[in-house]
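Values quoted throughout were computed directly from the atomic coordinates according to the rules given, and no laboratory measurement underlies them. This one's a predicted model, so the numbers in the text were calculated from it and none came from an experiment. FYI the Cβ positions are ideal-geometry reconstructions off the backbone, even for glycines, and counts take in every protein chain you see.
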Amino acid sequence: MQTVIEELPLLLQGVAVTLRISLLVIVAGTVAGMFGGLGLLYGPRWLRALLRGIVDIVRGLPLLVTIFIIFYVPPALGIEINGFAAVVFALSLFAGAHISEIVRGTVSAVARGQTDAARALGLTFWPRIWYVIVPQALPAIIPPWTNTAIEMVKGSSLAYLVSVSELLFQTYKIVGRTGAAMELYIAAALLYFGMNFALSRAGIWLERRVRYAT
């Protein structure tokens, strides 16, 4: 316990990097997933085919493989990319692919009559989507979106394999220096649990607010 207290500032530095990665990934993945899901539903045939291929490939690859591809392939082509950017990009692709499927499934479940009613009111395509269809799909989107966000926080731990100083990598370095493996990894587990628990409760609160608003 004494070691954990002494090394807490370094652990919290790792938490800060983990939160930074997670926030960037959740925002980028949500935006990509929203447009990806709508593209799968309403895009022209070539765009639907392209998006379907990307979503299926990304969802079919282990996350670690995606990180390694993005970290090692661009430098081989003369494009420099650091570990942090590679992890954020890989996790954003992964989150975007999963959220695309969430959006596609939930939006397609909205009753067809809602679209017909919005069209009868004279709304063009994008106003129909953003003001009529998506708000009705949001209560169904938020629970699986929250699960995906939590998975991204946990997935950020893979960043240690490309030497990004997030929480797990910081813990690993401290263990190598102090030898106090059990207590430090338990402390890291509790910190991960705290972040994900807070995210889970935020998702539940957001779901309730959206259901109340709609």
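Assuming R0 = 41 Å, what is the FRET efficiency of residue 61 and residue 123, from their Cβ-Cβ distance, to the nearest 0.05?
Working: r = 39 Å, r/R0 = 0.95.
With R0 = 41 Å, the Cβ-Cβ based efficiency is 0.60.
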Low-density loop cleavage sites - GluC sites (Glu not before Pro) in segment 59-162, where at most 14 other Cβ are within 10 Å (DSSP): 80
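Could you tell me the calculated FRET efficiency between residue 197 and residue 10, based on Cβ-Cβ distance and R0 = 22 angstrom, to the nearest 0.05? Walk me through the intermediate numbers first.
Working: r = 22 Å, r/R0 = 1.02.
With a Förster radius of 22 Å, E is 0.45.
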Shape call for segment 69-133 from the C-alpha gyration tensor, a ≥ b ≥ c root eigenvalues: rounded (a/c under 1.5), prolate (a/b greater than b/c) or oblate? prolate
At a Förster distance of 22 Å, what's the computed FRET efficiency of residue 81 paired with residue 20, Cβ-Cβ distance as r, to 0.05? 0.80
Can you list the HN-Hα couplings for segment 192-208, worked out from phi with the Karplus curve (6.51, -1.76, 1.60; θ = phi - 60°), rounded to whole Hz and with x for Gly and Pro? 4, 4, x, 5, 6, 5, 4, 5, 4, 5, 5, x, 5, 4, 5, 4, 5
Taking +1 at the Cβ of each Lys and Arg and -1 at the Cβ of each Asp and Glu, which of 77, 146, 3 sits farthest along the dipole of the chain towards its positive end, judged by Cα position relative to the Cα centre? 146
Only Lys, Arg, Asp and Glu count, each charged at its Cβ (+1, +1, -1, -1), so figure out the dipole size of the chain about its Cα centre, rounded to 20 debye. 840 debye
Quick one: work out Rg over Rh on the C-alpha atoms of segment 1-105, Rh as Kirkwood radius. 1.12
Extension gain from residue 46 to residue 31, taking 0.36 nm per residue of separation minus the Cα-Cα distance: 3.3 nm
Of [x] 11.5; [y] 14.2; [z] 16.1, the label for mean projected area of the Cα convex hull in nm² derived from the coordinates: [y]
